[in-house]
Amino acid sequence: MVRVGLVGLGFMGQQHLQIYQDMENVELVAVCDVIPERASEKAPSVGGNIGEAAELDLSAQARYLCFSEMLESEQLDLVDICTPTHLHAEMTVAALQAGNHVVCEKPMARTVSQCDEMIAAAQKTGNMLFIAQCIRFWPEYEVLAKMVADGELGEVKAARFIRQSPAPGWASEGWLLDPKLSGGALLDLHIHDVDFILSLFGTPNAVLSRGMNILADGAPVDHVDTQYLYDDFVCTAQAGWVNPDSFPFNMAFQVLGTGGLMEFSVGNDPMLRWYPFDGEPTTPEYEGGSGYENELAYFCKCVEDGTPPERVTPHSARESVRIATAEAQSIETREIVIIG
């Protein structure tokens, strides 16, 4: 059994908690949150932009208000960090140094230098670090990745990714809307597609981004449109959380190759559709579920087997933060940013 301690019981932490409670190879032994009611025996639900919220029964877990106290008091195999982004580096380093493997929610950290601190701590301690970039494990995106890798799409000519949400009002004390803490929609929401694009196509030569600042003071990252400049095809991504509260969460992609077009949108029925040039449209067979479940199952198996994760490495997650930072620079300067 993998003994897990979970810190941060907001929207994403509650998603992780419910998944752990259904995993046969995991024992969720402790939880931690600085908000007392979230670390109570009957914790209130916290909704978000995807997944379902429900009151939590934490009667079987040790409950802490202090992270360092949890690390000192519990014998853990794995620490799961679902706290605000600006705390990721400090908490990850502490958990690694305390002898634990760590899964940390995306984005890896607020800055590239903080990502480097996390990587250095993992290397020094020899403990595993996994960043929860769930889209790489999302079933429909896995289908696309396999088709690209296997050449079923033919030569990719164009790719477009979309991620849209109402303003994230569920975050405690509004931290998501403070760009100094979260990096705004660019680093918190858009990072999903940045990471997936890099995993699919590699690092672009340059980026050209435009953005808007509507909801909060600071960097103009409430809405972003980016063109990733590769040698021989067009790739764009759009993301934002400036939509009305009545607007449903949407994630979508269209990827066009010489063999056809693959389309996905959570608003479509069916959500995933393959349009070949030489046949009728079809929906590929694949298993459902969510990337949250799949990523945690994957890393817990890595911990169980003592095998470092290969599907998302700390360095690849750092690269996603680096590219998103270049996009922020492009927004500020209104110029193309060359990726070194």
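Take the residues in region 282-310 that are acidic (D, E) and surrounded by 12 or more Cβ atoms within 10 Å (Cβ to Cβ); name whichever of them is farthest from the chain's Cα centre (by Cα).
Restricting to residues being acidic (D, E) and surrounded by 12 or more Cβ atoms within 10 Å (Cβ to Cβ), the top hit is E304.
For every residue, the table says whether it meets (1) over 15 Å from C134 (Cα atoms); (2) out of contact with any Asp or Glu (no Cβ under 6 Å at 6 or more places or on another chain); (3) at pLDDT 95 or above.
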{"site": "S290", "(1), (2), (3)": "no, yes, no"}
{"site": "D305", "(1), (2), (3)": "yes, yes, yes"}
{"site": "P308", "(1), (2), (3)": "yes, yes, yes"}
{"site": "S316", "(1), (2), (3)": "no, yes, yes"}
{"site": "E327", "(1), (2), (3)": "yes, yes, yes"}
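Can you tell me which of (1) farther than 23 Å from A122 by Cβ; (2) over 22 Å from the mean Cα position of the chain (by Cα); (3) not β-branched (V, I, T) is the one Q21 doesn't meet?
(2)
Which pairs do you get when a residue that is closer than 17 Å to E155 by Cα, found in region 227-244, comes within reach of a residue that is surrounded by 15 or more Cβ atoms within 10 Å (Cβ to Cβ) and aromatic (F, W, Y), reach meaning Cβ atoms under 7 angstrom, with the pair 6+ apart or on two chains?
Final answer for the pair search is Y230/F201; C235/F201; C235/Y228.
As an exercise: evaluate L181 against (1) at pLDDT below 95; (2) farther than 23 Å from V312 by Cβ; (3) out of contact with any helix residue (DSSP H, G or I) (no Cβ under 6 Å at 6 or more places or on another chain) and give the number of the one condition it does not meet.
L181 satisfies all of (1) at pLDDT below 95; (2) farther than 23 Å from V312 by Cβ; (3) out of contact with any helix residue (DSSP H, G or I) (no Cβ under 6 Å at 6 or more places or on another chain) except (3).
Can you tell me how many residues within region 82-112 are within 20 Å of H190 (Cβ to Cβ), within 15 Å of the chain's Cα centre (by Cα) and of a type in the set (A, V, I, L, M)?
2
Take the residues of region 275-302 that are without any contact (Cβ under 8 Å) to a residue 24 or more places away in the chain and of a type in the set (F, W, Y): which is nearest to G154 (Cα to Cα)?
My answer is F277.
Consider A39 against the criteria (1) touching a Leu at 6+ places or on another chain (Cβ under 7 Å); (2) closer than 24 Å to A185 by Cβ: it satisfies all of them except one. Which criterion is unmet?
So A39 meets the others, but not (2).
Taking only pairs six or more apart or across chains, which ones have beta-carbon atoms under 6 Å, a first residue in region 19-43 that is within 28 Å of C302 (Cβ to Cβ), and a second residue that is at pLDDT below 95 and loosely packed, with under 15 Cβ neighbours inside 10 Å?
Close Cβ pairs satisfying both conditions: E27/M1.
The values are calculated or read from the model by the stated rules, or taken from the named source; none is laboratory data. Everything numeric here is computed off the predicted structure, so don't read it as measured data. Don't worry about glycine lacking a Cβ; one is built from the backbone with ideal geometry, like all the others, and counts go over all protein chains shown.
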